[in-house]
Amino acid sequence: MKTTLTKERCVACRKDAPRLTDAEIAQLRKEVPLWKVEERDGIPILERVFSFPDFAAALRFTQRVGELAEQEGHHPAILTEWGKVTVSWWTHKIRGLHRNDFVMAAKTDGIYESSAKGPSPEG
């Protein structure tokens, strides 16, 4: 799914940055419909489970998401297992969801879509 969020970059987030409202979250979820908003320890997080044919493919995806996180300066929780990867985005500083989390979810979807088209070239 194409979304304008993939064209955005993460912005530096301060501790006093406002969390997204429920209405803003509902609007942004339309751009990343396969992601769920879960609550853990009172903190809303954006989460999706991605499926893969084996551990090696899951690990390659994890590496690509990690590289994206480093480029953008925004880091998820990633659980890599045989045949699946769970990615969770939230903004630690504000203990909630920020637009950055939806930008990164959309970019993570793009990585998954490109990895589903076949093996990516090395390097």
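Please treat every number below as a calculation from the coordinates, not as lab data. Keep in mind that what you see is a predicted model, and the values were worked out from it rather than measured. Neighbour counts run over all protein chains shown; Cβ positions are idealised from the backbone, glycine included.
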Residues of segment 38-86 being within 10 Å of the chain's Cα centre (by Cα) and not aliphatic (A, V, I, L, M), in sequence order, are Glu47, Arg48, His74, His75, Pro76, Thr86
Among the listed residues Leu59, Leu68, Leu79, Leu28, which satisfies the condition of being of a type in the set (A, V, I, L, M) and in a strand (DSSP E or B)?
-> Leu79
In the list Val85, Val103, Val32, which residue meets the criterion of being of a type in the set (A, V, I, L, M, F, W, C), buried (at least 17 other Cβ atoms within 10 Å of the Cβ) and over 20 Å from Thr4 (Cα atoms)?
-> Val85
State yes or no: is Val65 of a type in the set (A, V, I, L, M, F, W, C), in contact with a Ser or Thr (Cβ under 9 Å, 6 or more places away or on another chain), in contact (Cβ under 8 Å) with a residue 40 or more places away in the chain and over 20 Å from Ala17 (Cα atoms)?
-> yes
Return yes or no: is Glu38 touching a Leu at 6+ places or on another chain (Cβ under 9 Å), surrounded by fewer than 17 Cβ atoms within 10 Å (Cβ to Cβ) and within 13 Å of Ala105 (Cβ to Cβ)?
-> yes
